[in-house]
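Asks: Mind looking over this structure? Questions follow.
The values are calculated or read from the model by the stated rules, or taken from the named source; none is laboratory data. For clarity, every value in this text was computed on a predicted model and none was experimentally measured. Note that we place each Cβ from the backbone using ideal geometry, even for glycine, and neighbour counts take in every protein chain shown. All accessible areas refer to the heavy atoms of the entire protein, side chains included, with ligands and DNA or RNA removed. Shrake-Rupley method; radii C 1.70, N 1.55, O 1.52, S 1.80 Å.
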Amino acid sequence: MNLYLVSMAKVLIIGAGHAGGTAAALLRQYGFAGEIVLAGAEPSPPYQRPPLSKAWLKGEADLEGLLLRPLSFYAEQAIDFRSDSLATTIDRTARTVTFADGRVEAWDVLVLATGSRARKLPVAGADRPDLIELRTLEDAERLKGQLGPGRRLAVVGGGYVGLEAAASATALGTTVVVVERMDRVLARVASPELSAFFTTLHEGHGVSIRLSAEVAGFEQHGVRLSDGSLIEADATLVGVGAVADDQLARDAGLDCDSEHSGGILVDGFARSSDPAIFAIGDVTRHPVPVHGGIMHRLESVPNALEQARQFACAITDRAPPAPEVPWFWSDQYDVKLQIAGLPFGADRRILRGSPADHSFAVFHLNGDTIVSVEAVNAGPEFMMGRQLIGRGTSVDPTALADLSVSMKAVAAGSTS
């Protein structure tokens, strides 16, 4: 039996998002009988964040529907949930955490699930209080109040969150301009084929997309570009990526990434460089087994859930969960995008289907092995592609590109 379980250790979880909330629930589900404190900086219990840029903005979701579990769940499971609790300092020797209100909490096992924070642009006006980021429920509520017929929204950053918000705003009658410094939207995270598709999709719904546009500063009435032009707007949403919210860990001397977008370095059990401290979710950089164990930081709900399971299994002496193929999704207008795997080592792409039909998939291959798939309204391609990535088996590229050959037949190596 695991020492932590026998000694009824006290587990303190910092961060009450998807990862932290799930970790607390899984500990109880797996039989952990010790004390659990779940401390979140926000006023709300753990809630789903993906709907913030979609259903919440469009008024199709309420707080009850957003919550991972009812507030009563935590009391019923003897989980001490504490809202509005911002951790400021970790003392690894004394095994305590100090909070912004001066409270000091002891722990035997510490879990850091602090997520990520918005990347800031180093330009004039970047600290304006009227600028909106979309990281929390409070942010989403602020943006929601700025949308509607006759309103103008500038979205700085053509990533998934920015495009999802643009789609939601457009559905509410808002005039939207997307400003992207790269020469295509989704440039850092998607294939050129997918970028072209979403550009056409948004422009078809009336969204104006300004590519290769550098922001010079933010002003009261909009966004000033480096060419001197002004994108006039009633509200501005800034979504130019995120970095790991790992300062708490860095200050405590835990090993963190310093070359990319940050992240607490953890192993396949979500354990940090201190064996008594775990880290899960967006704040971590961890090995991805299906991609050769490369260290990577994943911002996704599936990853948060997987690492919560890794931690809970480690604490309760269970066998670790089987490694999963990373996957992501995005909903824009009537389009469902599903992505599996990461295009590490890919040396070619194969298009299956036609973007003009709003149903297609882009497969990234290393030789004859699929390493990633981007599927637009193409469920079979996503599901079978994800399985093939996990297996690491070779496919016939010609059959993969042929819609007359089913995905099952592709996987089986048959063209009949």
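Asks: Could you grab me the full set of residues in the range 175-201 that are among the polar types (S, T, N, Q), in contact (Cβ under 8 Å) with a residue 40 or more places away in the chain and open to solvent by 30 Å² or more (accessible area, probe 1.4 Å)?
Replies: Within the range 175-201, Thr200 is the sole residue that qualifies.
Asks: Would you call Glu259 free of Cβ contacts under 8 Å to residues at least 12 places away in the same chain, over 18 Å from Val109 (Cα atoms) and of a type outside the set (S, T, N, Q)?
Replies: Yes, satisfied.
Asks: Of the residues in the range 293-317, how many are over 23 Å from Asp108 (Cα atoms) and without any contact (Cβ under 8 Å) to a residue 40 or more places away in the chain?
Replies: Adding up the residues that qualify gives 6.
Asks: Are any of the residues in the range 296-311 among the β-branched types (Val, Ile, Thr), within 19 Å of Gly341 (Cα to Cα) and out of contact with any helix residue (DSSP H, G or I) (no Cβ under 7 Å at 6 or more places or on another chain)?
Replies: So far as the range 296-311 goes, no, none of its residues is among the β-branched types (Val, Ile, Thr), within 19 Å of Gly341 (Cα to Cα) and out of contact with any helix residue (DSSP H, G or I) (no Cβ under 7 Å at 6 or more places or on another chain).
Asks: Does Ala41 satisfy the condition of being open to solvent by 20 Å² or more (accessible area, probe 1.4 Å) and modelled with pLDDT of 95 or more?
Replies: Values: open to solvent by 20 Å² or more (accessible area, probe 1.4 Å): yes; modelled with pLDDT of 95 or more: yes.
So Ala41 fits the description; yes.
Asks: For the range 332-353, indicate whether the set of residues that are more than 28 Å from the chain's Cα centre (by Cα) and either at pLDDT 95 or above or surrounded by fewer than 20 Cβ atoms within 10 Å (Cβ to Cβ) (or both) is non-empty. Steps first, please.
Replies: To start, the set of residues in the range 332-353 that are more than 28 Å from the chain's Cα centre (by Cα) comprises none.
Within the range 332-353, none of the residues are more than 28 Å from the chain's Cα centre (by Cα) and either at pLDDT 95 or above or surrounded by fewer than 20 Cβ atoms within 10 Å (Cβ to Cβ) (or both).
Asks: For the range 129-162, which residues satisfy the criterion of being in contact (Cβ under 8 Å) with a residue 60 or more places away in the chain, open to solvent by less than 70 Å² (accessible area, probe 1.4 Å) and closer than 15 Å to Thr174 by Cβ?
Replies: Ile132, Leu134, Ala140, Leu143, Lys144, Gln146, Leu147, Leu153, Ala154, Val155, Gly162
Asks: How about the range 104-128: which of its residues are assigned to a loop (DSSP other than H, G, I, E, B) and open to solvent by 60 Å² or more (accessible area, probe 1.4 Å)? It would help to see each step written out before you state the result.
Replies: Within the range 104-128, the first condition is being assigned to a loop (DSSP other than H, G, I, E, B), and the residues that meet it are 107-108, 113-115, 119-123, 125-128.
Hits for the range 104-128 are Asp108, Arg119, Lys120, Pro122, Asp127, Arg128.
Asks: Residues of the range 278-313 being closer than 11 Å to Leu26 by Cβ and of a type in the set (A, V, I, L, M), which ones?
Replies: Within the range 278-313, Ile280, Leu305, Ala308, Ala312 qualify.
Asks: Quick one: count up the residues across the range 302-313 that are within 21 Å of Asp246 (Cβ to Cβ) and either open to solvent by less than 20 Å² (accessible area, probe 1.4 Å) or within 15 Å of the chain's Cα centre (by Cα) (or both).
Replies: Residues in the range 302-313 being within 21 Å of Asp246 (Cβ to Cβ) and either open to solvent by less than 20 Å² (accessible area, probe 1.4 Å) or within 15 Å of the chain's Cα centre (by Cα) (or both): 8 in total.
Asks: Restricting attention to the range 251-272, and to residues there that are touching a Ser or Thr at 6+ places or on another chain (Cβ under 9 Å) and surrounded by fewer than 17 Cβ atoms within 10 Å (Cβ to Cβ), which single residue is nearest to Ala319 (Cα to Cα)?
Replies: The selected residue is Asp255.
Asks: Output the number of the condition that Ile90 fails; it satisfies all remaining conditions of (1) loosely packed, with under 15 Cβ neighbours inside 10 Å; (2) modelled with pLDDT of 95 or more.
Replies: (1)
Asks: Check Ala322 against each of (1) small (Gly, Ala, Ser); (2) modelled with pLDDT of 95 or more; (3) over 14 Å from Phe197 (Cα atoms) and name the one condition it does not meet.
Replies: For Ala322, the failing item is (2).
Asks: Counting only residues that are part of a helix (DSSP H, G or I) and surrounded by 13 or more Cβ atoms within 10 Å (Cβ to Cβ), how many does the range 401-411 have?
Replies: Residues in the range 401-411 being part of a helix (DSSP H, G or I) and surrounded by 13 or more Cβ atoms within 10 Å (Cβ to Cβ): 5 in total.
Asks: Still on this structure: Within the range 284-301, work out how many residues are farther than 13 Å from Gly390 by Cα, among the β-branched types (Val, Ile, Thr) and either assigned to a helix (DSSP H, G or I) or more than 15 Å from the chain's Cα centre (by Cα) (or both).
Replies: Residues flagged as farther than 13 Å from Gly390 by Cα, among the β-branched types (Val, Ile, Thr) and either assigned to a helix (DSSP H, G or I) or more than 15 Å from the chain's Cα centre (by Cα) (or both) within the range 284-301 amount to 2.
Asks: So which of Gly65, Gly59, Gly20 ends up being under 23 Å from the mean Cα position of the chain (by Cα) and on the phi > 0 side of the Ramachandran plot?
Replies: Every option except Gly59 fails the conditions.
Asks: Note down all Cβ pairs under 7 Å where the first residue falls in the range 348-365 and is on the phi > 0 side of the Ramachandran plot, the second is of a type outside the set (S, T, N, Q) and open to solvent by 20 Å² or more (accessible area, probe 1.4 Å), and they're at least six residues apart or on different chains.
Replies: Within 7 Å, the pairs are Gly353/Leu403.
Asks: Another one. I need the full set of residues from the range 354-371 which are of a type in the set (Val, Ile, Thr) and open to solvent by less than 30 Å² (accessible area, probe 1.4 Å), in order please. Break it down into steps so the answer makes sense when it comes.
Replies: Applying the first criterion (of a type in the set (Val, Ile, Thr)) to the range 354-371 yields 362, 369-371.
Across the range 354-371, the qualifying residues are Val362, Ile370, Val371.
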